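The values are calculated or read from the model by the stated rules, or taken from the named source; none is laboratory data. Predicted, not measured: the structure shown is a model, and the values here were computed from it. Neighbour counts are summed over all protein chains in view; Cβ atoms, including those assigned to glycine, are modelled from backbone coordinates with ideal geometry. Just the protein is used for accessible areas: all its heavy atoms, side chains included, with ligands, DNA and RNA removed. Shrake-Rupley method; radii C 1.70, N 1.55, O 1.52, S 1.80 Å.
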Amino acid sequence: WLFKKMGTATLQCKKEHNHMTVTIDAATTGLVDKMLHRHNTYRTTMVIDNDTNSLKPLDTYEKKIKGEKERVKITNYDYVNDVRRYKIWRNGTIRRENEIKLEKKVKDDGISAFYNLRNEMYGEVKEGASFDICTAYRDKSTDSKVFVRLPAKSDKLSKWDQGGLHVRFAADITMDPEIFDSEEGKLVILFTEDLKPVGFIARDVIGFGDLYGVLDEEVN
């Protein structure tokens, strides 16, 4: 599509005592919103794992609005009994609920995995680094693959630095396509030297094609 601005997204991080809550809220705007209304909200509350020093999720909230349809999923993690419990609502009516045993290899949801990647809990983020990250998703676990490269070695991404974003690394991520309604689940995140995310490309999003985003405003 030729639209230069199809929507906006905000990322908010709040720390209270030993808990950290991250909320991502994204919605279509303008003419696109009138034609294809979308509004997604993702929120995870996390705590530091004393054994690994990484973040682990306590509860997650996900709401997806597509036109007149609304889907909400809430997941709670019980580390005492090693289970996670989730409920799914569609247009206000509970459609599914389940309790799933936590696998030892599954330590994250999508948001905690993103922050643990930035905090280099999986290893040093550098050119050529690759990571396999297993996350909890619905009633299953899903594997995401991350490959880190320099944007200057990409066919298109080097032009992003012209806007003063100071892009140092590009992380190619392949995940479950259902997570952000794409054809193949391919996402590129652009990081600065200190691993601040300043841009992204979501490939083949259903109904939209490739979506490009850049950091527009930062508030401390």
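For segment 63-113, the set of residues classified as among the polar types (S, T, N, Q), open to solvent by less than 50 Å² (accessible area, probe 1.4 Å) and either outside any strand (DSSP E or B) or over 24 Å from THR21 (Cβ atoms) (or both) consists of SER112 only. With respect to (1) within 16 Å of the chain's Cα centre (by Cα); (2) closer than 26 Å to TYR61 by Cβ; (3) modelled with pLDDT of 90 or more, the lone exception for TYR122 is condition (1). The residue pairs whose first member lies in segment 6-23 and is within 12 Å of ARG43 (Cβ to Cβ) and modelled with pLDDT of 90 or more, whose second member is aromatic (Phe, Trp, Tyr) and surrounded by 12 or more Cβ atoms within 10 Å (Cβ to Cβ), and whose beta carbons are closer than 9 Å, counting only pairs six or more residues apart or on different chains, are CYS13/TYR115; MET20/TYR115; VAL22/TYR42; VAL22/PHE114; VAL22/TYR115; THR23/TYR42; THR23/TYR61. If you filter segment 172-193 down to residues that are among the aliphatic types (A, V, I, L, M) and closer than 18 Å to PHE131 by Cα, you find that the one that is modelled with the lowest pLDDT is MET175.
The rows are residues; the columns are (1) in contact with a Cys (Cβ under 8 Å, 6 or more places away or on another chain); (2) of a type in the set (Asp, Glu); (3) modelled with pLDDT of 85 or more.
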residue	(1), (2), (3)
THR135	no, no, yes
SER144	yes, no, yes
LEU211	no, no, no
LEU215	no, no, yes
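Screening LYS107 on (1) in contact with an Asp or Glu (Cβ under 9 Å, 6 or more places away or on another chain); (2) under 24 Å from ILE173 (Cβ atoms); (3) modelled with pLDDT of 90 or more; (4) of a type in the set (D, E, K, R) shows it passes everything except condition (3).
Considering each residue of segment 25-62, count those that are outside any strand (DSSP E or B) and of a type in the set (A, V, I, L, M, F, W, C), and give that number.
Adding up the residues that qualify gives 4.
Annotation note: Cβ proximity below 6 Å between a residue of segment 192-210 that is assigned to a strand (DSSP E or B) and a residue that is of a type in the set (S, T, N, Q) (sequence gap 6+ or interchain) occurs for VAL198/THR192; ASP204/SER182; VAL205/SER182.
Filter segment 146-167 for residues that are at pLDDT 90 or above and open to solvent by 20 Å² or more (accessible area, probe 1.4 Å); which is farthest from ARG203 (Cα to Cα)? My answer is ARG149. Considering (1) out of contact with any Gly (no Cβ under 8 Å at 6 or more places or on another chain); (2) open to solvent by 20 Å² or more (accessible area, probe 1.4 Å); (3) at pLDDT 90 or above, the lone condition that TYR42 does not fulfil carries the number (1).
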